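Novice: Input: one structure, supplied below.
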Amino acid sequence: MRFVISALFLFVVAAAYDPLDPNGNLTIKWDIVSWTPDGYVAVVTMNNFQMYRHIMSPGWTLGWTWAKKEVIWSMNGAQTTEQGDCSRFKGNVPHCCKKIPTVVDLLPGVPYNQQYSNCCKGGVLPAWGIDPQSAVSAFQISVGMAGTSNKTVKLPKNFTLLGPGPGYTCGPAKVVPSTTFLTQDRRRKTQALMTWNVTCTYSQFLARKNPSCCVSFSSFYNETITPCPTCACGCQNKNSCVKSGSKVLKRAGINTPRKDNTPLLQCTHHMCPVRVHWHVKVNYKEYWRVKVSIINFNYRMNYTLWSLAVQHPNLNDVTQVFSFDYKPLVPYESINDTGMFYGMKFYNDLLMEAGPFGNVQSEVLLRKDKDTFTLKQGWAFPRKVYFNGDECMLPPPDTYPFLPNSAPHQQLFSGLAAIAAMVFLLVTVW
């Protein structure tokens with residue numbers, strides 16, 4: 001029994017490990033800034049330390065279980081989705097009396113007296129590697145019926161995080177050295193009365209059974225286009241998909257997202273919401289050029305924040321990226337083979353829903369390394385592709401576009417070998 005539990009624990013840990021972002025996590029920090037007659041006031045800060053995984057709209061949802069009979073008297077910068085049963089209170093009624101509260105961010109434009117610094121973004125958290133200044137969300141919470149000192153405060157437990165769907169696993173709260181703060185004039189430091197951290201990591205295996213994207217390939221040296229594998233993202237939506245050009249798409253509200261985020265996909269053989277296409281376009285003397293396209297097949301989803309992480313050995317020498325922003329990812333200092341593409345702000349950082357405008361594309365110019373560059377055996381195509389932090393399904397390697405003269409050469413070699421063998425036999429017989 002102990003072996004089974006250990007094996008399951010190791011599987012969960014391995015599933016949450018991202019080889020392209022080994023240190024990526026989302027950290028929740030509680031800083032108690034003052035004591036009250038029956039509890040404390042704390043500032044809760046969420047930092048998205050993931051390099052290329054955003055939390056998109058409708059945003060994050062945070063939950064936990066109180067250790068005792070705590071209540072939330074008030075909040076700024078966030079709110080609970082339910083108040084719960086507060087009938088035992090007379091006069092002042094708490095903001096929330098639930099044993100397991102569920103907290104969400106406020107929407108932009110709320111009254112100033114309800115706001116807090118780094119709040120009110122609808123729960124959207126950009127990736128740290130793309131926009132570190134915006135990769136933070138915070139709110140203030142006043143907790144009652146709790147401890148009033150470091151010795152009597154009990155840490156909440158069983159933290160949960162939706163971002164916006166499942167996939168995150170949160171560890172236990174751990175007391176850490178108190179956070180220090182600078183005053184506005186930056187001449188004085190103050191210190192939290194008590195601080196604890198909660199670390200949450202993402203696992204694609206926990207988020208969904210099937211991939212959410214796939215990859216197709218093509219090249220200038222072969223007319224064959226290698227498509228996404230059939231049912232790459234599962235075919236559970238095959239019966240509800242819509243054909244391109246269908247009259248259904250003209251109905252009002254067809255692009256409105258559902259509360260349960262049920263997709264409305266365009267009918268394809270792969271049935272993926274997103275397809276990434278990698279086209280080897282030109283081969284120069286000292287450089288080679290690739291065209292990267294991202295196509296959205298979901299009529300109910302546009303990606304206000306998107307990112308594309310690619311692993312390829314020649315990304316160590318990217319000369320120019322024409323229509324995307326680009327940043328190298330170096331999770332291991334000795335290896336530089338991974339890069340991150342994302343949209344230029346106010347230009348193509350929005351990937352529209354499926355349709356004529358549901359795509360973004362850019363060309364990439366790379367300098368050749370004469371010791372490694374080749375167009376043979378699929379070398380020009382990526383090893384891994386991640387869209388919005390989820391790994392995409394690649395085609396089988398034996399279907400990659402091959403050089404047109406590779407097969408005839410093999411056939412010619414085989415023919416010459418057969419002729420040589422026949423001549424040898426004739427000479428031996430005679």
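Novice: Quickly rank 45-58, 343-356, 26-39 as a protection proxy: mean count of other C-beta atoms within 10 Å, highest first.
Specialist: 45-58, 26-39, 343-356
Novice: Set the Förster radius R0 to 30 Å, insert the Cβ-Cβ distance between ASN113 and ALA207 as r into 1/(1 + (r/R0)^6), and round the FRET efficiency to 0.05.
Specialist: The calculated FRET efficiency here is 0.25.
Novice: Compute a Gaussian network model of the chain, connecting alpha carbons closer than 10 Å, and tell me which residue from CYS213, CYS392, CYS267 fluctuates the most.
Specialist: Taking springs between Cα atoms under 10 Å, the residue moving most is CYS267.
Novice: Could I ask something else about it? How much of the calculated P(r) for the chain lies past 30 Å, in percent of all Cα pairs?
Specialist: Percent of Cα pairs beyond 30 Å in the chain: 54.
Novice: Sequence gap at least 6, Cα distance under 8 Å: using those rules, report the relative contact order of the chain to the nearest whole percent.
Specialist: 14 percent
Novice: Magnitude of the Cβ-charge dipole of the chain, K/R +1 and D/E -1, about the Cα centre, nearest 20 debye?
Specialist: Computed charge dipole of the chain: roughly 1040 debye.
Novice: Something else: With a 1.4 Å probe and every protein chain kept in, tell me what percent of the accessible surface of the stretch 213-339 is carbon plus sulfur. Please list the in-between numbers first.
Specialist: Working: 3140 of 6350 Å².
Carbon-and-sulfur percentage of accessible area, whole number: 49.
Novice: With unit charges on the beta carbon (Lys/Arg positive, Asp/Glu negative), name the residue among ASN336, PRO356, PRO313 whose Cα is farthest towards the positive pole of the charge dipole of the stretch 267-415.
Specialist: Towards the positive end, the residue furthest out is PRO356.
Novice: Could I ask something else about it? Ignoring ligands, DNA and RNA, what accessible area per residue does the chain give at 1.4 Å, in Å²?
Specialist: Per residue, the chain has 55 Å² of solvent-accessible surface.
Novice: Say the dipole of the chain comes from +1 at the beta carbon of Lys and Arg and -1 at that of Asp and Glu; which of SER246, THR183, VAL280 then lies farthest toward its positive end?
Specialist: Among SER246, THR183, VAL280, the one farthest towards the positive end of the dipole of the chain is THR183.
Novice: At 0.36 nm per residue, and after removing the present C-alpha to C-alpha distance, how many nm does the segment from LYS345 to LYS285 gain when stretched out fully?
Specialist: Gain on extension, LYS345 to LYS285, equals 18.3 nm.
Novice: Pairing the Cα long axis of helix 2-15 with the longest principal axis of the chain, what angle in degrees results, from 0 to 90 and rounded to the nearest 10?
Specialist: Taking Cα atoms only, the helix is inclined about 70 degrees.
Novice: Exactly which chymotrypsin sites (Phe, Trp or Tyr not before Pro) in the stretch 80-129 are in a DSSP loop and have at most 14 other Cβ atoms within 10 Å?
Specialist: Working: sites: PHE89, TYR112, TYR116, TRP128; in loops: PHE89, TYR116, TRP128.
Sites meeting the loop and neighbour criteria: PHE89.
Novice: Subtracting the Cα-Cα distance from 0.36 nm times the residue separation, let me have the gained length for LYS250 to ILE100 in nm, one decimal.
Specialist: Taking LYS250 through ILE100 to full extension adds about 49.7 nm, to one decimal.
Novice: Points 7 angstrom from Cα along the Cβ direction at ARG258 and SER87: gap in nanometres?
Specialist: Output for this residue pair reads 3.6 nm.
Novice: At a Förster distance of 22 Å, what's the computed FRET efficiency of VAL33 paired with ARG186, Cβ-Cβ distance as r, to 0.05?
Specialist: Plugging the Cβ-Cβ distance into 1/(1 + (r/R0)^6) gives 0.75.
Novice: When ranked by the protection proxy of mean other Cβ atoms within 10 Å per residue, highest first, what sequence do the peptides 306-313, 393-400 form? Mind dumping the intermediate values first?
Specialist: Numbers: 306-313: 22.9, 393-400: 14.9.
So the order, starting with the most tightly packed, is 306-313, 393-400.
The values are calculated or read from the model by the stated rules, or taken from the named source; none is laboratory data. Keep in mind it's a predicted model, so treat the numbers as computed, not measured. All Cβ positions, glycine included, derive from the backbone under ideal geometry; neighbour counts span all protein chains shown. These area figures cover heavy atoms from the full protein model, side chains too; ligands, DNA and RNA do not enter into them. Shrake-Rupley method; radii C 1.70, N 1.55, O 1.52, S 1.80 Å.
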